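J.: The structure's right below; bear with me while I get my questions together.
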Amino acid sequence: MKNFTFCTTRTIVNEKGGVSRAAEFAAGLGCKRALIVTDKGVVAAGHYDKLARCFSGAGFNVCDYRDVGPDPSEKMVYAAADVATGNGVDCVVGIGGGSALDVAKAVSVVAENRIRLDEIFGVERVAGARLPLILIPTTAGTGSEVTYSSVITAADGKKKVVISNKLYADVALLDVELTATMPPFVAATTGVDAIVHAIEAFTSVSKKNPISDMLALEALRLLLGNIEQAAGAGEHEEARSDMLLGAMLAGQAFSNASVASVHGFAYPLGEMFHLSHGFSNSLMISPILRFNASATRHYAEIGRRLFPELSSGSDEAATDFFIQKIDAILAALKLDKKLRDLGVREQDVEELARGAFGQERLNANNPRKIGLEDARAIYREVF
Ligand SMILES: NC(=O)c1ccc[n+]([C@@H]2O[C@H](COP(=O)([O-])OP(=O)(O)OC[C@H]3O[C@@H](n4cnc5c(N)ncnc54)[C@H](O)[C@@H]3O)[C@@H](O)[C@H]2O)c1
Ligand SMILES: [Fe+2]
């Protein structure tokens, strides 16, 4: 028997058109004054207006911070927290991709406790309470709506993470109508991020457990089966709904089991070359899976659980099949790119490798130990 603890968000609502019920959930938490945190893309898509109308129609005082940017910075958190304290809000509502949701999560703690992020970066360092928090994803995606982390770029340009069970929102609200406006590249890359969350949760060295395994496998069934259609042209509401659900399940899985070295190798690409989180993961998934293949039976296990035709073959055959399936999806989504085509120079490999090697928390969770020379070779493979 294995000891484990599993935590997740208390209330998860999956409802088409559900965004227009957000105020009802906030009122249920005893709130009357809401800060909405979002970004310009989500405003342009019309989702912010719909949400703000729902709150003002329900008699709420509403203020907003709509200047969240990609890889959100500390400054954005403080600016949004100032809006929150200046207006005496009693709840925070995040609507957007992982960037907006992560800022909303950080604001719910920073505004309530009047603290600096340096005091809470790291694992379980949030001492005080947070403001009531409702998270509404518009990508499928990071799963941030059900995770215990907020990824913020610190003043030194490094991505840092607040990890705390206090960051589990009060309500995660999934509305398939919101993801219809995602640009195809965002749909494809955020979908691959979700796939990586599920794979890395399932192969996690120390923290995987029967619940995270079950969630990761169901997430992969939904994500692998729908990503191409959901990221392609056309409405495909059923496929987008399955992606939204899959991304959320993957978020629950990795929030308990942790992610590993695909993320560890994606982070330096984001920091140094400002490639999006999902795209950086799309670039690194294949070389890391190949590096890990000889050291884990979990890829074969995923392959067999998802593709019954693999049931009688060897572990090697099932592992190969699974990795080739991932490669085929990347190719179909046109994400099978080389670093040299994205502004990376050969001499950058050393700094990238040192950056990835330094991601100790993530590499410790990887099924195969990674040395500095391995890190150089992994980046060279996709150079
Ligand atoms: N907290 C977590 O658990 C967690 C997990 C993974 C990633 N992250 C973080 O999340 C961030 C990435 O989030 P993301 O990949 O969702 O991207 P994002 O939030 O940065 O959004 C990407 C772009 O897509 C636009 N967009 C989003 N939804 C849209 C929609 N429905 N219609 C039109 N445009 C839309 C946004 O305006 C933005 O320009 C990174 O900072 C990453 O580190 C957090
Ligand atoms: Fe991720």
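The values are calculated or read from the model by the stated rules, or taken from the named source; none is laboratory data. Only a predicted model underlies this, so the values are computations on that prediction, with no experimental measurement involved. As a convention, Cβ positions derive from the backbone with ideal geometry for all residues, glycine included, and neighbour counts pool all protein chains shown.
J.: Does the stretch 328-341 include one or more residues that are buried (at least 18 other Cβ atoms within 10 Å of the Cβ), over 14 Å from residue 383 (Cβ atoms), hydrophobic (A, V, I, L, M, F, W, C) and modelled with pLDDT under 95? Let's see the steps before the verdict.
T.: So the first thing to find is which residues in the stretch 328-341 are buried (at least 18 other Cβ atoms within 10 Å of the Cβ), and the list is 329-330, 333, 335, 339.
Still in the list and also over 14 Å from residue 383 (Cβ atoms): 329-330, 333, 335.
Imposing the further condition that a residue be hydrophobic (A, V, I, L, M, F, W, C) reduces the set to 329-330, 333, 335.
Filter again for modelled with pLDDT under 95, leaving none.
For the stretch 328-341, residues buried (at least 18 other Cβ atoms within 10 Å of the Cβ), over 14 Å from residue 383 (Cβ atoms), hydrophobic (A, V, I, L, M, F, W, C) and modelled with pLDDT under 95: absent.
J.: Which one of 190, 139, 179 is closer than 17 Å to residue 240 by Cβ, within 16 Å of ligand 2 (Cβ to nearest atom), in a helix (DSSP H, G or I) and in contact (Cβ under 8 Å) with a residue 12 or more places away in the chain? Please lay out each step first, then the result.
T.: Values: 139 fails: in a helix (DSSP H, G or I); 179 fails: within 16 Å of ligand 2 (Cβ to nearest atom).
The unique qualifying residue is 190.
J.: Next question. From (1) part of a strand (DSSP E or B); (2) more than 27 Å from residue 277 (Cβ to Cβ); (3) among the charged types (D, E, K, R), pick out the condition that doesn't hold for residue 53.
T.: (1)
J.: Would you check if residue 372 is of a type in the set (A, V, I, L, M, F, W, C) and in contact with a Lys or Arg (Cβ under 8 Å, 6 or more places away or on another chain)?
T.: yes
J.: For the stretch 154-176, enumerate the residues that are of a type outside the set (A, V, I, L, M), under 26 Å from residue 243 (Cβ atoms) and within 16 Å of ligand 2 (Cβ to nearest atom). Before the answer, list the steps.
T.: Pass one, the stretch 154-176, residues of a type outside the set (A, V, I, L, M): 156-160, 164-166, 168, 170, 175.
Filter once more, keeping what is under 26 Å from residue 243 (Cβ atoms): 159, 168, 170, 175.
If the condition is that a residue be of a type outside the set (A, V, I, L, M), under 26 Å from residue 243 (Cβ atoms) and within 16 Å of ligand 2 (Cβ to nearest atom), then 159 is the only one that fits.
J.: Shifting gears a bit: If I filter the stretch 353-370 down to residues being of a type in the set (Gly, Ala, Ser) and within 25 Å of residue 343 (Cα to Cα), which single residue comes out as surrounded by the fewest Cβ atoms within 10 Å (Cβ to Cβ)? Please lay out each step first, then the result.
T.: Taking the stretch 353-370 and keeping what is of a type in the set (Gly, Ala, Ser), we get 353, 355-356, 358, 364.
From what is left, the residues that are within 25 Å of residue 343 (Cα to Cα) are 353, 355-356, 358.
Numbers: 353: 23, 355: 19, 356: 27, 358: 15.
Going through the qualifying residues, I end up with 358.
J.: Assess whether residue 130 counts as being touching a Lys or Arg at 6+ places or on another chain (Cβ under 9 Å) and either within 10 Å of ligand 1 (Cβ to nearest atom) or charged (D, E, K, R) (or both). Don't jump to the end; show me each part of the working.
T.: On the way: touching a Lys or Arg at 6+ places or on another chain (Cβ under 9 Å): yes; either within 10 Å of ligand 1 (Cβ to nearest atom) or charged (D, E, K, R) (or both): yes.
Judged against the criteria, residue 130 is a match.
J.: Only one of (1) within 16 Å of ligand 2 (Cβ to nearest atom); (2) farther than 26 Å from residue 339 by Cα is not met by residue 260, so which one is it?
T.: (2)
J.: Just checking, does the stretch 267-280 include any residue being in contact with a helix residue (DSSP H, G or I) (Cβ under 6 Å, 6 or more places away or on another chain) and of a type in the set (Asp, Glu)?
T.: no
J.: Next up: Would you please name the residue that is farthest from residue 220 (Cα to Cα), looking only at residues in the stretch 258-270 that are more than 12 Å from ligand 1 (Cβ to nearest atom) and within 14 Å of the chain's Cα centre (by Cα)?
T.: So, considering only residues that are more than 12 Å from ligand 1 (Cβ to nearest atom) and within 14 Å of the chain's Cα centre (by Cα), the one farthest from residue 220 (Cα to Cα) is 264.
J.: Restricting attention to the stretch 221-256, which residues are among the aliphatic types (A, V, I, L, M) and more than 14 Å from the chain's Cα centre (by Cα)?
T.: Listed by number, the residues that qualify are 222, 224, 227, 230, 231, 233, 239.
J.: Scanning for something away from ligand 1 (no atom under 14 Å from the Cβ) and closer than 15 Å to residue 39 by Cα, does the stretch 89-96 turn up at least one residue?
T.: Step one: filter the stretch 89-96 for residues away from ligand 1 (no atom under 14 Å from the Cβ), giving 89-93.
Cutting the leftovers down to closer than 15 Å to residue 39 by Cα gives us 92-93.
Yes, the stretch 89-96 contains at least one residue that is away from ligand 1 (no atom under 14 Å from the Cβ) and closer than 15 Å to residue 39 by Cα.
J.: Name the residue, out of 316, 228, 309, 271, that is in a helix (DSSP H, G or I), free of Cβ contacts under 8 Å to residues at least 12 places away in the same chain and either within 16 Å of ligand 2 (Cβ to nearest atom) or charged (D, E, K, R) (or both).
T.: 309
J.: Hey, could you check the stretch 271-304 for residues that are among the small types (Gly, Ala, Ser) and over 22 Å from the mean Cα position of the chain (by Cα) and say which is surrounded by the most Cβ atoms within 10 Å (Cβ to Cβ)? I'd like the intermediate steps shown before the answer.
T.: The first filter runs over the stretch 271-304 and keeps only residues among the small types (Gly, Ala, Ser), leaving 276, 278, 280, 282, 286, 293-295, 300, 303.
Within this subset, residues satisfying the condition of being over 22 Å from the mean Cα position of the chain (by Cα) are 293-295, 300, 303.
Working: 293: 18, 294: 10, 295: 12, 300: 21, 303: 23.
So the residue we want is 303.
J.: Separate question: All but one of (1) of a type in the set (A, V, I, L, M, F, W, C); (2) within 16 Å of ligand 2 (Cβ to nearest atom); (3) more than 15 Å from residue 162 (Cα to Cα) hold for residue 133, so report the exception by its number.
T.: (2)
J.: Since residue 155 meets every condition but one in (1) over 18 Å from the mean Cα position of the chain (by Cα); (2) crowded, with 24+ Cβ neighbours inside 10 Å, which condition does it not meet?
T.: (2)
J.: Continuing with this model, one more query. Tell me which residues, restricted to the stretch 199-218, are surrounded by 24 or more Cβ atoms within 10 Å (Cβ to Cβ) and within 30 Å of residue 20 (Cβ to Cβ). Give the steps one after another, and end with the answer.
T.: If we filter the stretch 199-218 for residues that are surrounded by 24 or more Cβ atoms within 10 Å (Cβ to Cβ), which is where we start, we get 199-204, 212, 215-216.
Matches in the stretch 199-218: 215 only.
J.: Taking into account only those residues within the stretch 193-215 that are within 14 Å of ligand 2 (Cβ to nearest atom) and without any contact (Cβ under 8 Å) to a residue 60 or more places away in the chain, which is nearest to residue 142 (Cα to Cα)?
T.: 194
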